[in-house]
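The block underneath contains the structure these notes are about, expressed in structure tokens.
The values are calculated or read from the model by the stated rules, or taken from the named source; none is laboratory data. Since the model is a prediction, treat every value here as computed from it, not as a measurement. Here the Cβ positions follow ideal geometry from the backbone for every residue, glycine too, while neighbour counts run over all protein chains shown.
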Amino acid sequence: MKVLTANRLTDGEVVFWKAGHWVEGFGEAELFDAAREAEAEEAAAKGKAQATVVVDAYLIDVSEVEGGLAPVSYRERIRALGPTNEPTHGKQAVGGEVIEALRHAHGAARSTGRVDLIRRK
């Protein structure tokens, strides 16, 4: 499964793709499974074309964890949680099932989205 992510250009906030627009919460993100690979690539192309809205749109791998879904990559879990300097700031302060699943996910595999970006250069 994959999720499309980027950073909003106006404030740097990590955002996720959902049905044609960007949302702030990882739990709201649209999931693309293997059967929807073409749709995922189309969404990524649309996101990359919004140069005045977001920067660096790319697909990340997600997997099921206890309590929900979480990015496979440690870096992407940090991005989904918000700032790491204090758990009472950003998205972590909101709490809830999605945040708890992200906090308890483990493993540190790299995101294939980033690897693909590196290969293209």
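Side notes on the structure shown:
- Residue check, residue 119 part of a helix (DSSP H, G or I), of a type outside the set (A, V, I, L, M), at pLDDT below 75 and under 13 Å from the mean Cα position of the chain (by Cα): no
- Summed over the stretch 66-94, the residues that are among the small types (Gly, Ala, Ser) and either part of a loop (DSSP other than H, G, I, E, B) or out of contact with any helix residue (DSSP H, G or I) (no Cβ under 8 Å at 6 or more places or on another chain) (or both) give a count of 4.
- Identity of the residue in the stretch 46-65, hydroxyl-bearing (Ser, Thr, Tyr) and assigned to a strand (DSSP E or B), that ends up farthest from residue 104 (Cα to Cα): 58
- Restricting attention to the stretch 24-67, the residues that are exposed (fewer than 15 other Cβ atoms within 10 Å of the Cβ) and of a type in the set (Ser, Thr, Tyr) add up to 2.
- Matching option when the condition is at pLDDT 95 or above, within 10 Å of the chain's Cα centre (by Cα) and within 19 Å of residue 92 (Cα to Cα), among 26, 16: 16
- Residues that are surrounded by fewer than 16 Cβ atoms within 10 Å (Cβ to Cβ) and in contact (Cβ under 8 Å) with a residue 40 or more places away in the chain, drawn from the stretch 8-23: 8, 9
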